[in-house]
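Below is one structure; the comments refer to it alone.
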Amino acid sequence: MTILDRFHLDGRRALVTGASRGIGRAVALALAQAGARLALSARTETALKPTADQVARYGGPPVLVPGDLADTGQAALVDRAAEALGGLDIVVHNAGILPTAPDGSTLLAPLQYLPQPVWDEVVAVNLNATAALCRHAHPHLARSDSASLVLMSSVAGVVGTPMMEAYAASKAAQVSLARSLAAGWARAGIRVNALCPGWVRTDMTAAVHTDPALTDWLLAHVPMGRWAELEEVAAAALFLASPAAGFLTGQAVVVDGGLSVPDGGLAGIPKPSSPFVLP
Ligand SMILES: NC(=O)c1ccc[n+]([C@@H]2O[C@H](COP(=O)([O-])OP(=O)(O)OC[C@H]3O[C@@H](n4cnc5c(N)ncnc54)[C@H](OP(=O)(O)O)[C@@H]3O)[C@@H](O)[C@H]2O)c1
């Protein structure tokens, strides 16, 4: 066995939520390329089709287990995935949302202007669904001889993130949940980690990457000065899912180009003034 063999997932059974696009699709492709058999989830089967077609190129068609995770009862999709795959070794719970306005656009606003129902929706999808999904995943992962649960949190969960308090609080809660579950489930052989990406250009961040002023301002706060590539996040997820991370549990792995590293103002990176205009 070489060290690179530890990154292989041959024969492993993996569920990826939020797999219809963006980071979830990249994670699904990474796990499939490493040899895992996959179950994919998003709200509809139709939305999963493009990812399923790409995954099928690496070792066969995936199982599709759609469900709207705003309803915690839908976390039973984990059981459907395990039944179809004959068990589960890996769960990457990646589905998540930003606050949205009634017209569907992203709502970037400080807490004092954020309506309670919007807070409730973010917490329902990002936190309550995570807890329900972990609860359903436990018996399946406990039967695996190499179990890994990865919660897709965010750098917003480890630094202060004004204008996105609901999102940041829900993502911090995922980090906390990963730590608690890691300690509680370690003797059952289940590793649990949170993965915390910085800014990634996806549908979720369209409000930013379609606004040059906002993009310039945000990237000025990233020491590496750029967006993360999808594959840079997917590679970290693959590592956490694989035996290569066999002694790594309870951690928040931050993939953010240095965004969360305080520079004390000494890095000399010019910071343009904030483009946010408050009411
Ligand atoms: N993009 C970033 O900069 C960034 C940074 C840090 C962390 N993250 C985290 O990474 C994860 C993926 O983000 P992304 O940028 O790839 O987002 P995205 O492109 O908006 O994709 C979100 C995924 O979540 C699914 N989803 C949303 N609401 C759902 C619900 N109620 N039930 C089931 N599935 C639902 C979507 O599926 P359907 O819409 O097809 O149902 C889609 O597959 C999220 O947890 C996000 O918080 C993103």
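The values are calculated or read from the model by the stated rules, or taken from the named source; none is laboratory data. All values reported here derive from a predicted model rather than from experimental measurement. Ideal geometry is used to build each Cβ from the backbone, glycine not excepted, and the neighbour counts take in all protein chains shown. Accessible surface is based on the protein model in full, side chains and every heavy atom, while ligands, DNA and RNA are left aside. Shrake-Rupley method; radii C 1.70, N 1.55, O 1.52, S 1.80 Å.
Numbers for the structure displayed
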read-out	value
Percent carbon-and-sulfur accessible area, segment 182-279, ignoring ligands, DNA and RNA, probe 1.4 Å	62 percent
Degrees between helix 165-185 axis and first principal axis of the chain (Cα, 0 to 90, nearest 10)	30 degrees
Surface accessible to a 1.4 Å probe, residue 37 within the full protein complex, Å²	110 Å²
Note, ³J(HN,Hα) from phi for segment 130-136, Karplus 6.51, -1.76, 1.60, rounded to Hz, x at Gly and Pro	4, 4, 5, 5, 4, 4, 5
5 angstrom amide H check on residue 64, placed H, neighbours 5+ away	40
Equivalent-ellipsoid semi-axes of the chain, from the Cα gyration tensor, Å, largest first	31, 21, 18
Mean accessible surface per residue for segment 222-278, computed with a 1.4 Å probe while every protein chain stays in place, in Å²	56 Å²
In sequence order, calculated HN-Hα J values of segment 137-153 (Karplus, 6.51, -1.76, 1.60; Hz; x Gly/Pro)	6, 3, x, 6, 5, 5, 8, 7, 8, 7, 9, 9, 10, 10, 9, 7, 8
Rounded to 10°, Cα long-axis angle of helix 230-241 versus longest principal axis of the chain	40 degrees
Cβ-Cβ FRET estimate between residue 57 and residue 83, R0 fixed at 25 Å, reported to 0.05	0.50
